[in-house]
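The values are calculated or read from the model by the stated rules, or taken from the named source; none is laboratory data. Model, not experiment: these values are computed from the prediction. Because the Cβ atoms are built from the backbone with ideal geometry, glycine has one as well, and the counts that use them run over all protein chains shown.
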Amino acid sequence: MEPRLNRRQEELIAIVQREGFVGVDELASHFDVAPQTIRRDLNLLADGGLIRRYHGGVSAPSSSVENVAYAARQSLQAAEKNRIAASIAAAIPDGSSLFINLGTTNEGVGRALLNHRDLRVITNNLNIAILLSDNPTFEVIVAGGVVRGRDHGVTGEATIELIRQFKVDFGIIGISGIELDGTLLDFDFHEVRVAQAIIEHSRQVYLGADHTKIGRNAMVRLGDFSRVDAWFTDRPPPDALQPVLEASGTQVFVAKD
């Protein structure tokens, strides 16, 4: 049975649902109460299954087996994703070779790369392929496989086999969830296998993921931050993730407004 909530607790849930992952100190400051008060609220809400508790913060509960619909993901955190995409594109020199996989953040990367020159791009995202083909200096290679109607992503054994034919300068990947122990999670097993192939055949791996991915639940394990050279995000990571990032040697770039 869900607990009976006061107004502060109802607002707390709304903040967590909007922000994704929120720290205890941040919530205490917002409500102008002691951290101990917030922790009591969080324990109550976690016991009722309304949030997920972590050391130092909380996230909203989510399905581990089904992602948010593609059309909805296009509008979620749109401004933040655009800033992240611009930051990633700025780190890609002209004349580079790169993989770009699925995800709305990566489609933003594609748009941000349009003013580059002489890129060689291998992608399993038909939306990105069509977009980048407008630049006459680019060579765009589309991975074969099974096309998903919901987002025009391509996955399957043929996709992985094509990726394995290359060794590129940069692999740009997205993710659906980041655990505080550094585990990277996604919803689709086939999509994860493609991302793993991209990681293995890229000299540098760039992850684009906004702060709402932190603490988000998903079923399939991609790997951890030891596979990622640089993480581009929109907010500084929570304290609980810092030791993991330092141990993995992953650089963090926070995209500014």
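Observations on the structure shown:
- Across region 121-163, the number of residues qualifying as in contact with an Asp or Glu (Cβ under 6 Å, 6 or more places away or on another chain) and farther than 14 Å from Asn101 by Cα comes to 1.
- Selection count where residues are surrounded by fewer than 16 Cβ atoms within 10 Å (Cβ to Cβ) and outside any loop (DSSP other than H, G, I, E, B), scope region 32-63: 8
- Selection within region 242-254 - within 23 Å of Glu26 (Cβ to Cβ), surrounded by fewer than 19 Cβ atoms within 10 Å (Cβ to Cβ) and touching a helix residue (DSSP H, G or I) at 6+ places or on another chain (Cβ under 9 Å): Leu245, Val252, Phe253, Val254
- Scanning region 197-206 for residues that are out of contact with any helix residue (DSSP H, G or I) (no Cβ under 8 Å at 6 or more places or on another chain) and not basic (Lys, Arg) returns Glu200, Ser202, Gln204.
- Residues in region 1-24 that are farther than 16 Å from Gly215 by Cβ and either hydroxyl-bearing (Ser, Thr, Tyr) or surrounded by fewer than 16 Cβ atoms within 10 Å (Cβ to Cβ) (or both): Met1, Glu2, Pro3, Arg4, Asn6, Arg7, Arg8, Glu10, Glu11, Ala14.
- Comparison of Ile100, Ile84, Ile141 shows that the only residue that is more than 30 Å from Glu11 (Cα to Cα), modelled with pLDDT of 95 or more and surrounded by 20 or more Cβ atoms within 10 Å (Cβ to Cβ) is Ile100.
- Some residue of region 117-125 being touching a residue at least 60 places away in the same chain (Cβ under 8 Å), of a type in the set (D, E, K, R) and surrounded by fewer than 18 Cβ atoms within 10 Å (Cβ to Cβ): no
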